[in-house]
Amino acid sequence: AFHHDAIDYLTSKRDMDKRMAKSASLPLMHLLTAGARAYRMKCKRKALGRQLELTRKAVATIQEGVIITDSHATIIDVNPAFCLLTGYARDEVVGSNPRILQSGKQGREFYRTMWRAICHDHHWEGMIWNKRKNGDVYPEMLTINALCDDDGHLQYMVGVFADISEKVAMEQKLRHAEKMEAIGTMAGGIAHNFNNALCGIQGSVFLAQRDHPDDHRLQERLATINTLCQNSAEIVSQLLAFSHKEQLPEATRVTVAPLIKETCKLIRIGLPDSIRLEVMEMDARLVVDADITQIQQMMFNLINNARDAVAGCHAPVIRVAVEHQPASAELVERNVDARMVDYCHISVADNGHGIHPNHLKKIFDPFFTTKDVGKGTGLGLSSAYGIVHQHKGVIEVQSKIGKGTCFHIYLPLAGAVAEGSAAVPARGHEAWMATLPLSSNARTTLLIVDDDAVVRATIEEICQKLGYHTCCASDGKQALNMVKQADQRIDLAILDVVLPDSKQRVLHRKLRRRYPGIPMIFISGYSDRCLLPDGAVPDGFPLLPKPIDVDKLASMIRRCLDKECTC
């Protein structure tokens with residue numbers, strides 16, 4: 001149509017005939033068509049240029065790193081975030097291969113699998129460990145998409161990645177917390193069963209000592225067994241302290257600075273003269289809700305660990321400090337258990353040989369130790385970890401080989417920072433007196449209920465040696481039958497807290513209903529009420545942990561019978 005219109009136009013002026021018009025119109029048509037095509041291409045290039053500039057600006061503003069390569073994996077371009085995350089300048093990487101980022105943590109098979117996925121599926125996504133220009137290895141989440149031509153041939157590859165170091169660190173902390181929780185639960189169960197065994201051993205030792213007072217050689221051996229039992233009981237106590245389920249058995253409002261100072265005075269006595277223990281200036285206003293005995297135990301463990309760390313060092317020093325730590329978002333980010341509250345910050349630092357980086361993740365695990373055989377149980381730091389978590393606190397460690405180590409303990413403050421210095425509650429030390437058998441004891445009947453036959457028989461024999469009449473049961477049902485059929489009054493009950501038939505609460509009620517005001521002593525392989533089922537030990541009744549100290553048992557029986565215990 002355009003060709004015919006041009007001929008009509010040229011002949012209408014009568015300047016040329018139709019044959020000449022046909023010859024002139026064809027070049028004109030081609031000229032006009034080429035001009036139109038060139039104009040359209042120019043407009044299209046401008047539009048594409050604007051889109052390309054917009055895309056480039058968008059890529060430059062995103063926080064994820066972007067890397068573009070050709071089909072031979074040669075880097076064509078990167079965005080500013082790539083340079084910020086890797087430490088390489090753009091000019092340093094363009095023309096290079098992405099293998100300059102490889103950390104060595106993934107083997108050849110990993111990259112072969114990645115390349116097969118890109119070629120076959122045109123997509124790969126996963127976590128990869130890469131290396132920055134300065135040599136730091138870091139984890140990143142990487143997505144690679146392949147761009148192909150119309151025939152499906154790979155032309156370009158676009159990788160988008162983000163540094164996930166913080167996420168990986170937090171996941172590791174969560175896994176560590178879960179592992180410690182599981183170990184704590186297992187430790188509590190082991191400790192409970194082991195305490196039952198120790199209870200039978202210690203009780204049998206006591207009875208053997210009473211039966212053979214003149215055999216001095218036997219007495220020495222029994223004394224050795226008793227000492228070993230006590231040492232084992234201390235290890236069990238540390239295992240129970242590590243258990244996360246255990247909470248504060250005797251939490252009181254404590255001013256931290258005086259408590260730490262007094263504890264350090266006690267610890268200083270046992271340190272070699274060559275080690276200097278420095279107690280820095282402390283904030284005397286900081287008050288926490290804490291179990292004094294456990295806080296002291298934590299300080300003993302940490303300072304003893306520091307003492308071993310500075311052994312053989314020139315001018316060994318251990319520094320202890322207490323200061324106020326305001327609510328910190330950084331602390332919360334570093335620790336899954338931390339909260340946005342004010343903390344009392346206790347630090348124990350030494351200038352010892354330091355902890356190897358490979359050991360830092362394991363130092364709080366029970367029984368992990370780098371000390372020689374016989375020089376450490378591996379429970380000191382794990383029990384400190386458990387104590388801190390019982391107090392809803394956080395414990396961190398910083399260490400450099402050859403420079404020393406610092407443990408940071410953060411205990412939540414009890415409300416706002418105190419205006420004045422409150423007094424430290426005095427630590428009570430109850431004087432237990434061995435009770436000798438009395439002639440009136442024979443008229444006193446004790447009910448002993450425990451599912452462990454050895455423990456039950458041992459306690460029964462001890463009570464009989466003390467002059468009491470006894471009756472025993474292995475579970476709640478058997479004890480209830482005894483209560484119903486008893487011909488004489490039961491004056492006191494010694495009850496295992498957890499019985500296999502779950503009849504202990506019914507037994508409590510039946511005993512108190514039949515014998516109003518009857519004293520009851522509860523015994524358990526767990527040392528703290530919070531580890532026991534709710535209501536297992538009624539309020540006001542004493543709890544005696546296993547292994548049972550005979551003097552404590554005898555004194556407690558006497559005091560309960562004399563109505564000195566609150567029952």
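One residue stands out in region 78-88 among those that are surrounded by 13 or more Cβ atoms within 10 Å (Cβ to Cβ) and of a type outside the set (Gly, Ala, Ser): the one that is farthest from Ala162 (Cα to Cα), namely Tyr88. Could you check, for region 247-254, whether at least one of its residues is within 20 Å of the chain's Cα centre (by Cα), open to solvent by 10 Å² or more (accessible area, probe 1.4 Å) and modelled with pLDDT under 85? Yes, there is a match, as at least one residue in region 247-254 is within 20 Å of the chain's Cα centre (by Cα), open to solvent by 10 Å² or more (accessible area, probe 1.4 Å) and modelled with pLDDT under 85.
To keep it simple, each residue is scored yes or no on (1) of a type in the set (Asp, Glu); (2) part of a loop (DSSP other than H, G, I, E, B); (3) modelled with pLDDT of 85 or more.
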residue: Asp337; (1), (2), (3): yes, yes, no
residue: Gly354; (1), (2), (3): no, yes, yes
residue: Lys362; (1), (2), (3): no, yes, no
residue: Asp365; (1), (2), (3): yes, yes, no
residue: Gly378; (1), (2), (3): no, yes, no
residue: Ser383; (1), (2), (3): no, no, no
residue: Val388; (1), (2), (3): no, no, yes
residue: Glu419; (1), (2), (3): yes, yes, no
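With respect to (1) more than 20 Å from Leu259 (Cα to Cα); (2) open to solvent by less than 50 Å² (accessible area, probe 1.4 Å); (3) among the hydrophobic types (A, V, I, L, M, F, W, C), the lone exception for Ala311 is condition (2).
Within region 255-292, the set of residues being at pLDDT below 90, assigned to a loop (DSSP other than H, G, I, E, B) and within 16 Å of His345 (Cα to Cα) comprises Met280, Glu281, Met282, Asp283, Ala284, Arg285. Among the residues of region 134-158, the ones that are out of contact with any Leu (no Cβ under 9 Å at 6 or more places or on another chain) and open to solvent by 30 Å² or more (accessible area, probe 1.4 Å) come to 12 in all. Just to be sure, is Ile409 open to solvent by less than 20 Å² (accessible area, probe 1.4 Å), out of contact with any strand residue (DSSP E or B) (no Cβ under 8 Å at 6 or more places or on another chain) and at pLDDT 80 or above? So Ile409 fails the test.
Checked against the criterion of being surrounded by 15 or more Cβ atoms within 10 Å (Cβ to Cβ), over 41 Å from the mean Cα position of the chain (by Cα) and free of Cβ contacts under 8 Å to residues at least 24 places away in the same chain, region 58-74 has no qualifying residue.
Of all residues in region 387-405, those being surrounded by 18 or more Cβ atoms within 10 Å (Cβ to Cβ) and either more than 14 Å from the chain's Cα centre (by Cα) or among the polar types (S, T, N, Q) (or both) number 4.
Just give me the residues in region 89-127 being over 35 Å from the mean Cα position of the chain (by Cα), over 14 Å from Leu142 (Cα atoms) and open to solvent by less than 40 Å² (accessible area, probe 1.4 Å), in sequence order. If the condition is that a residue be over 35 Å from the mean Cα position of the chain (by Cα), over 14 Å from Leu142 (Cα atoms) and open to solvent by less than 40 Å² (accessible area, probe 1.4 Å), then Val93, Ser96 are the ones that fit. Of everything listed in (1) modelled with pLDDT of 90 or more; (2) basic (Lys, Arg); (3) surrounded by fewer than 13 Cβ atoms within 10 Å (Cβ to Cβ), the single unmet condition for Arg175 is (1).
The values are calculated or read from the model by the stated rules, or taken from the named source; none is laboratory data. Every value quoted in this text rests on a predicted model; they were computed, and no experiment measured them. So basically every Cβ, Gly included, is an ideal-geometry build from the backbone, and we count neighbours across all protein chains shown. Accessible surface is based on the protein model in full, side chains and every heavy atom, while ligands, DNA and RNA are left aside. Shrake-Rupley method; radii C 1.70, N 1.55, O 1.52, S 1.80 Å.
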